[in-house]
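Since the structure comes first, as structure tokens, the remarks are kept for the end.
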Amino acid sequence: MNKLHLLLLLLLCFFMQAFSLSAQQITRFAVVDLGRVYSTFSDVSKSAKDFNDASAKVQDEINKRQTEIQNLRTQKADADQRGDTAAALKLDKEIADKSNSLKLYFQTETKKLEDQQKKLTSTGSSVFLEQLNNEIRYVAESEGYSMVFSKTETKGMLWYSQSVDITDKLINSLRAKQKK
């Protein structure tokens, strides 16, 4: 009987250890409304907001063009399946043209954004951006979050609870540091 108790105790300890390890591996996410942060600190963040808006606009256009290309590929596959080689060839050319156009757009807009980012980092806004990034890191780590998403960049985010929105904490933390 004593061995049975010892075995049960060891099994209990094993399961508690396993549960503890799995609990430590839980990834917590947070969201931040950068638009609200930028508007709160508009005096120092206008160029940062402009850059963020331009980046979002470029990403939206890229997504739109990628969707168009994917739709054309679907149409081409349908034409191939029907045996309509003329339509398939026409669609293949259209896919190639749109893919080349997307590549050129991506290169051009990336260059513009890089130039805008260089200007941004050479101005006083870079100090604010650095402070913003540090505060996001500080608030997230102090609250136990592993990853922080921008609330305005919701492409992959289908839902989130308001309890993971750390925007107010971030704004309050930034205000407190600016007063020092």
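Overall, segment 32-143 carries a charge dipole of about 400 debye about its Cα centre when +1 sits on the Cβ of Lys and Arg and -1 on the Cβ of Asp and Glu, all other atoms neutral. Taking all protein chains as shown and a probe of 1.4 angstrom, residue 104 keeps an accessible surface of around 110 Å².
The mean accessible area for residues of segment 49-151, using a 1.4 Å probe and ignoring ligands and nucleic acids, is 66 Å² per residue.
The values are calculated or read from the model by the stated rules, or taken from the named source; none is laboratory data. Because the structure is a prediction, the values reported are computed rather than measured. Using ideal geometry, Cβ is built from the backbone for each residue, glycine included, and neighbour counts are taken over all protein chains shown. The accessibility values were calculated without ligands, DNA or RNA, using every heavy atom of the protein model including side chains. Shrake-Rupley method; radii C 1.70, N 1.55, O 1.52, S 1.80 Å.
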